[in-house]
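What follows is a single structure, written as structure tokens, with notes after it.
The values are calculated or read from the model by the stated rules, or taken from the named source; none is laboratory data. For clarity, every value in this text was computed on a predicted model and none was experimentally measured. So basically every Cβ, Gly included, is an ideal-geometry build from the backbone, and we count neighbours across all protein chains shown. With ligands, DNA and RNA removed, areas are computed over all heavy atoms of the protein, side chains included. Shrake-Rupley method; radii C 1.70, N 1.55, O 1.52, S 1.80 Å.
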Amino acid sequence: MSGFDSNPFADPSGSNPFGDPAAGGSATQQVIDEYNPFSRTTDATKKAPESAPRTALPPPQRPFIPPVSQPAIMQPTEAPPAYSAHPGQAVDTSDLQKRQEELERKAAELQRKEQDMRNMQYNNRQNNWPPLPKWCPVGPCFYQDISLDIPGEFQRIVRFLYYLWMFHAATLFLNILGGLAYFIADGGSSGGGVTFGLAILYFVLFTPCSFVCWFRPIYKAFSYDSSFSFMLFFFVFFCQFLVSMFEALGPKSSGFW
């Protein structure tokens with residue numbers, strides 16, 4: 001039975017009561033000291049300096065700074081030619097002066113219009129046509145200012161029609177002078193008196209009627225953009241054209257010669 005009680009894995013030194021305990025402990029301590037889980041890394045780090053000899057680092061070098069050089073300056077071999085103004089380079093200031101004067105004139109006109117419109121807000125517009133003297137018992141009947149009432153793009157047309165009316169009135173006045181000359185030369189035997197009397201009647205009748213019936217409608221048409229005034233102007237002006245053609249023919253004893 002003693003053979004079965006013995007432990008084959010037991011420490012042979014532990015079963016010996018007469019053994020040296022220091023010898024067994026030193027062996028165990030030596031095994032523990034020799035075991036190191038990081039032995040491979042440690043050995044590699046220890047052996048690395050032995051396998052790769054240490055080399056000295058080169059000393060630091062200063063950066064290369066190129067020397068500062070002056071820019072190349074070309075020395076002229078010949079003196080530059082004298083500057084002379086070309087005829088095409090001369091600036092014509094006359095055109096600029098004309099434009100400046102035109103702008104100043106337009107600015108003054110606009111300022112005057114603004115002043116007139118500002119005055120119209122507080123004061124009623126006074127009639128200024130026909131331009132009669134102050135001592136005349138009959139005053140002006142209409143207010144007319146083309147530059148103020150008519151838009152700028154239509155002022156030329158209205159002025160042209162106004163000058164056309166003035167030409168018509170001057171023609172009727174010259175017809176009076178012609179009828180007077182015919183009356184004096186004829187002596188009243190061939191209807192010179194009738195021609196002279198009708199010439200005076202036409203001047204007194206047609207001059208104000210033409211102004212009121214076709215010039216004032218076209219003036220109002222452009223001032224207020226009135227379609228009725230346009231229609232009235234075209235109708236009366238067509239009748240005026242037919243009368244003018246009859247006057248140009250000058251039948252006998254018709255008052256035109």
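Out of the residues in the range 152-163 that are within 23 Å of Thr207 (Cα to Cα) and open to solvent by 60 Å² or more (accessible area, probe 1.4 Å), state the one that is farthest from the chain's Cα centre (by Cα).
Tyr163
Looking at the range 200-257 only, could you name the residues that are more than 15 Å from Leu172 (Cβ to Cβ), among the hydroxyl-bearing types (Ser, Thr, Tyr) and part of a helix (DSSP H, G or I)?
Hits for the range 200-257 are Tyr219, Ser223, Tyr224, Ser227, Ser229.
Go through the range 134-151 residue by residue and tally those that are open to solvent by 60 Å² or more (accessible area, probe 1.4 Å) and either more than 16 Å from Phe215 (Cα to Cα) or of a type in the set (D, E, K, R) (or both).
Counting residues in the range 134-151 that are open to solvent by 60 Å² or more (accessible area, probe 1.4 Å) and either more than 16 Å from Phe215 (Cα to Cα) or of a type in the set (D, E, K, R) (or both) gives 4.
Which ones in the range 171-223 are among the aromatic types (Phe, Trp, Tyr), open to solvent by 60 Å² or more (accessible area, probe 1.4 Å) and modelled with pLDDT under 90?
Tyr182, Phe183
Anything in the range 224-255 that is over 51 Å from the mean Cα position of the chain (by Cα), crowded, with 16+ Cβ neighbours inside 10 Å and small (Gly, Ala, Ser)? List them, or say none.
Ser254, Gly255
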